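Following: one structure in structure tokens, then a few remarks.
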Amino acid sequence: MNEKKLIIVIGGGAAGFFSAINAAINFPQAKIIILEKSNKILAKVRVSGGGRCNVTHHCFENNELIKNYPRGEKELRQVFSQFSVQDTIDWFLKRGVKLKVEQDGRMFPESNTSETIINCFLQEAQKYNIDINLNEEVLSIDKAEDGALKVKTSKQTYTTDAVICSIGGHNQEKNYAFLKQCGHTIDELIPSLFTLNLPQSHIKELMGLSVKNGTVKVIGTKYQYTGPVLITHWGLSGPAVLKLSAFAAYDFFKLNYQAGISVNWTGTLNEEVLKEELSLQLGSKALIVNTPLFEKSKRLWEYLVLGLDIPLSKPWIELGKTIE
Ligand SMILES: Cc1cc2nc3c(=O)[nH]c(=O)nc-3n(C[C@H](O)[C@H](O)[C@H](O)COP(=O)(O)OP(=O)(O)OC[C@H]3O[C@@H](n4cnc5c(N)ncnc54)[C@H](O)[C@@H]3O)c2cc1C
């Protein structure tokens, strides 16, 4: 790229800043401008990871890493082979931001605040003379006869050589209209990473209770996830549920969000093991409700016992000889 070239970056989020900075490094002759429609930059970075910014994940096997992304696996394989987790760690370290790893593999800035990431991006943007234009929305991109791109915004029209589009995720198609007009295909917009609303279930009576390891399954699909489950006043939440909603997003959509949900509160213990464990109690005179098994809390155990229509006054010995 020779002198006076212009690169327009649409969107002042994490992706926009990262792209703009790397464009400046790789094309030192070019002028880079970030166009941001709102009056804020890096707004999501600020709140990300509970204000700590979960920058990357401690996984150096790309084949493993891509399994955590419900869609776009093929595209991401290519992306990670060009810029890996190690590259991300090194990129920030080179700019004075050391990342630390937590037990579950998530990586955060050592400072434990997303401000560190924001400051890093802002300093780099300043270092490379990147313009940041707030309150300027891109409305359309057209190709002129000479091949140049005309980027029309709410304020002016730019003639540019390259456009990097990093406008983030949106739930309304109108946000992607200008990309559709350029000939891009936009996948159907459907929700992901949601909690489960269970209006007919009594489980909500246990709101606030969490289980370290539960397996949540969408009945009639292949999707199930194991991990922490939280009972809320509307249904179920927690990492296992969020992951389930991300991977089963299309199935939930196709089912019009009317799906049966089953939960194995023991996590991954199968029916055989469960029956065996329960059978061991059968001779006991202790009340069933007072003998929580599988390390379950008394509250959850009582809920499960009552759910099976077993009276609170019933001892194990009266349960019968077999566990069905
Ligand atoms: C509460 C919360 C916590 C999160 N935590 C994490 C986390 O810890 N780690 C993680 O990796 N991810 C996290 N995420 C996801 C996070 O949003 C993304 O990883 C990341 O911030 C997305 O960056 P982005 O630049 O792609 O999009 P965005 O941050 O959405 O930026 C896109 C920008 O483009 C602008 N824009 C859109 N259309 C136009 C237009 N036509 N013209 C001009 N500007 C336009 C928007 O105003 C916006 O500022 C979290 C998200 C939320 C909501």
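The values are calculated or read from the model by the stated rules, or taken from the named source; none is laboratory data. The model shown is predicted, which means the values in this text are computed figures rather than measured ones. So basically every Cβ, Gly included, is an ideal-geometry build from the backbone, and we count neighbours across all protein chains shown.
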Which strands (runs of 3 or more DSSP E) sit wholly inside the range 132-246 and have at least 1 residues that are among the charged types (D, E, K, R) and in contact with a Cys (Cβ under 6 Å, 6 or more places away or on another chain)? none
L149 - would you say it is surrounded by 13 or more Cβ atoms within 10 Å (Cβ to Cβ), more than 11 Å from the ligand (Cβ to nearest atom), under 27 Å from the mean Cα position of the chain (by Cα) and not acidic (D, E)? no
Within the range 171-187, does at least one residue satisfy the condition of being away from the ligand (no atom under 11 Å from the Cβ), among the small types (G, A, S) and either in contact with a helix residue (DSSP H, G or I) (Cβ under 8 Å, 6 or more places away or on another chain) or on the phi > 0 side of the Ramachandran plot (or both)? yes
Considering only the range 154-208, state which residues are surrounded by fewer than 16 Cβ atoms within 10 Å (Cβ to Cβ) and acidic (D, E). E173, D187, E188, E205
Evaluate the following for I25: is it within 13 Å of the ligand (Cβ to nearest atom), among the hydrophobic types (A, V, I, L, M, F, W, C) and either in the same structural domain as N175 (by TED's automatic domain parsing) or under 30 Å from Y225 (Cβ atoms) (or both)? no
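Which residues, counting only those in the range 83-109, are assigned to a loop (DSSP other than H, G, I, E, B) and in contact (Cβ under 8 Å) with a residue 24 or more places away in the chain? Let's see the steps before the verdict.
Residues of the range 83-109 assigned to a loop (DSSP other than H, G, I, E, B): 83-84, 95-98, 102-105.
Those that are assigned to a loop (DSSP other than H, G, I, E, B) and in contact (Cβ under 8 Å) with a residue 24 or more places away in the chain: S84, R95, G96, G105.
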Among the residues of the range 37-55, are any charged (D, E, K, R), within 9 Å of the ligand (Cβ to nearest atom), over 19 Å from the mean Cα position of the chain (by Cα) and part of a loop (DSSP other than H, G, I, E, B)? yes
